[in-house]
1. So for Lys39, Lys183, what's the accessible-area order with a 1.4 Å probe, most first?
2. Please compute the per residue accessible area over the stretch 155-231 with all protein chains in place, 1.4 Å probe, rounded to a whole number of Å².
3. Probe 1.4 Å, all protein chains in place: accessible area of Trp77 in Å², nearest 10?
4. Any idea of Leu253's accessible area? Nearest 10 Å², probe 1.4 Å.
5. For the stretch 21-81, what is the accessible area per residue in Å² when the probe is 1.4 Å?
6. State, to one decimal in nm, how far the label point of Asn52 lies from the label point of Ala176, with both points 7 Å from Cα in the Cβ direction.
7. Whenever you get a sec, line up Cys216, Cys244 from highest to lowest accessible area (probe 1.4 Å, protein heavy atoms).
8. With just the Cα atoms defining each centre, how far is the stretch 201-216 from the stretch 149-180? Give it in Å.
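The values are calculated or read from the model by the stated rules, or taken from the named source; none is laboratory data. Just so it is clear, the structure is predicted and the values come from calculations on it, not from any experiment. Note: ideal-geometry Cβ built from the backbone for every residue, glycine included; neighbour counts use all protein chains shown. To get the accessible areas, we keep the full protein, side chains included, count just its heavy atoms, and leave off ligands, DNA and RNA. Shrake-Rupley method; radii C 1.70, N 1.55, O 1.52, S 1.80 Å.
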Amino acid sequence: MVVHWCILVLLSQVQRGSMAREKNMEYMLSQELMHNYDKTIRPAFDSRQALNVTFGLSLTQIIDLDERNQILTTNCWLNQAWIDYNLIWNSSEWGNISVIRIPIIKLWTPDIILYNNADTGYSDAIVSTNAIVSNDGNITWLAAAIFKSSCRINVRYFPFDEQNCILKFASWTYDASQMDILKNSEEADLTNYVANGEWKLISLKEVRNVMYYSCCPEAYPDVTYTIQLRRRPLYYVFNLILPCVLITAVALLGFYMPSDSGEKVTLGITTLLSMTVFLMLVAESMPPTSEEIPLIGKYKYISLAS
């Protein structure tokens with residue numbers, strides 16, 4: 001009886017020891033991979049070859065479109081993947097561990113940035129997360145970010161306007177001979193998109209370009225996303241257009257009043273002041289540009305002149 005009890009205790013200790021070794025195996029693997037790892041060196045198989053980086057973007061929300069400052073604020077999820085030949089291991093030698101998570105700040109990362117950035121705090125825009133590292137060296141970096149990008153606003157048909165804003169992502173220092181940026185899919189991802197109350201998303205298109213800049217003779221690939229937005233005009237119809245139409249109708253009624261009536265002058269001054277107030281409301285929401293004048297603004301100036 002005592003012998004059986006000792007055997008059971010011994011077996012339980014051996015099992016706990018093996019489980020402890022399995023738990024520490026991932027830690028030892030991480031330490032082994034990070035030993036002498038230099039995150040400042042591009043992890044290409046051959047330094048003469050370009051490192052392929054697949055880039056993808058998932059648009060989750062249009063937070064705001066500031067027409068006056070011409071800045072688009074978006075909430076996006078980024079998906080970047082590449083192969084790091086310094087992080088390859090044989091899973092059979094490490095307890096069949098084929099995937100581990102490593103903080104992204106410990107690894108080499110492509111310096112892909114938003115070219116048309118309009119945020120002074122861009123370095124804090126991307127949330128630092130873990131990278132998913134596979135035993136074949138494949139690294140997947142999933143990150144969330146809130147971007148503020150410059151967007152040229154066309155106010156001609158306000159409030160029935162459409163805007164086209166771009167998000168241009170490319171490497172800042174690596175040219176096409178050192179790093180090639182590829183699309184991870186043919187279409188942009190909108191599966192997690194949350195609708196905006198002011199703007200309706202018409203389309204999100206992505207295209208890969210190869211650009212040449214005045215600074216350098218080398219080619220620089222980029223992935224550009226074009227966001228097409230259409231304004232929802234219901235708010236402006238009830239709060240801006242309908243009052244203007246009613247004021248114009250009241251002003252026209254003034255022509256039917258007798259010329260010697262004192263109320264005719266009072267009515268004309270009242271309508272003039274009302275038109276001026278609504279004209280100021282339009283001017284406050286529009287960017288200070290001389291390229292286009294909104295049609296509604298032209299209508300109000302004509303109404304004032306008449």
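1. Lys39, Lys183
2. Working: 4040 Å² over 77 residues.
Roughly 52 Å² per residue, with all protein chains present.
3. My reading of the accessible area for Trp77 is about 120 Å².
4. 110
5. Result: 59 Å² of accessible area for each residue.
6. It works out to 1.6 nm between the two label points.
7. Per-residue accessible area, sorted high to low, gives Cys216, Cys244.
8. Here the answer is 8 Å between Cα centres.
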